[in-house]
1. Which of the residues belonging to the stretch 167-196 are assigned to a loop (DSSP other than H, G, I, E, B), closer than 27 Å to residue 133 by Cα and without any contact (Cβ under 8 Å) to a residue 12 or more places away in the chain?
2. Working only within the stretch 88-115, note down all residues that are touching a residue at least 40 places away in the same chain (Cβ under 8 Å), assigned to a strand (DSSP E or B) and under 23 Å from residue 27 (Cα atoms).
3. If the requirement is being more than 20 Å from residue 134 (Cα to Cα) and at pLDDT 95 or above, which of these qualifies: 69, 84, 78?
4. Across the stretch 146-166, which residue is nearest to residue 180 (Cα to Cα) among those that are outside any loop (DSSP other than H, G, I, E, B) and free of Cβ contacts under 8 Å to residues at least 24 places away in the same chain?
5. Is there a residue in the stretch 30-45 that is touching a residue at least 40 places away in the same chain (Cβ under 8 Å), more than 16 Å from the chain's Cα centre (by Cα) and either loosely packed, with under 11 Cβ neighbours inside 10 Å or within 23 Å of residue 90 (Cβ to Cβ) (or both)?
6. Check residue 118 against each of (1) in a helix (DSSP H, G or I); (2) under 18 Å from residue 133 (Cα atoms); (3) at pLDDT 95 or above and name the one condition it does not meet.
7. Has the stretch 45-57 got any residue that is closer than 25 Å to residue 141 by Cα, assigned to a strand (DSSP E or B) and at pLDDT 95 or above?
């Protein structure tokens, strides 16, 4: 069953599907089939609806955006809700991707998996999706570190050491903890301040 699939097709997984490529997905945007109001991302050739963003989620993204830029400095590029192309069929739009510095700041081409230092998803209504689909996807494509900011539980899940479809190391950091990306030592984020 494809991610997010329900109804008749979900009950009939043998029906052949034709996945969209990243190039076709972009073309749909260029000709106006998809617009900025269509909150979707391309996962394994399927258009997946993204969860609505509430004020708690957007406020957390705003705070973390400012803090990450200051903490990372010139050692990385902080991309906020921008695409990362993982392969020819998959281009998610994580809340944050901290990318390796590049002279063009990614103006000439969308970042690829091997250019990512850290991905962060802020989860309020999307927790199950982030923990299953996104975590597996990021691990499979070798994203070295993935954080899920779990707003409901008041903690951050830190996933490191991608291995197959998961991460070998998954830990939870509570309000009294400090986050520090493995590939960006010294770029610290206090969890209490992040969660507000």
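The values are calculated or read from the model by the stated rules, or taken from the named source; none is laboratory data. Just so you know, these numbers come straight off a predicted model, no measurement behind them. Reconstructed Cβ throughout: ideal geometry from the backbone, glycine too, with neighbour counts over all protein chains shown.
1. 180 - this is the single residue of the stretch 167-196 that is assigned to a loop (DSSP other than H, G, I, E, B), closer than 27 Å to residue 133 by Cα and without any contact (Cβ under 8 Å) to a residue 12 or more places away in the chain.
2. 90, 91
3. None of the other options fit; the residue is 69.
4. The selected residue is 158.
5. yes
6. Status for residue 118: all satisfied but (1).
7. no
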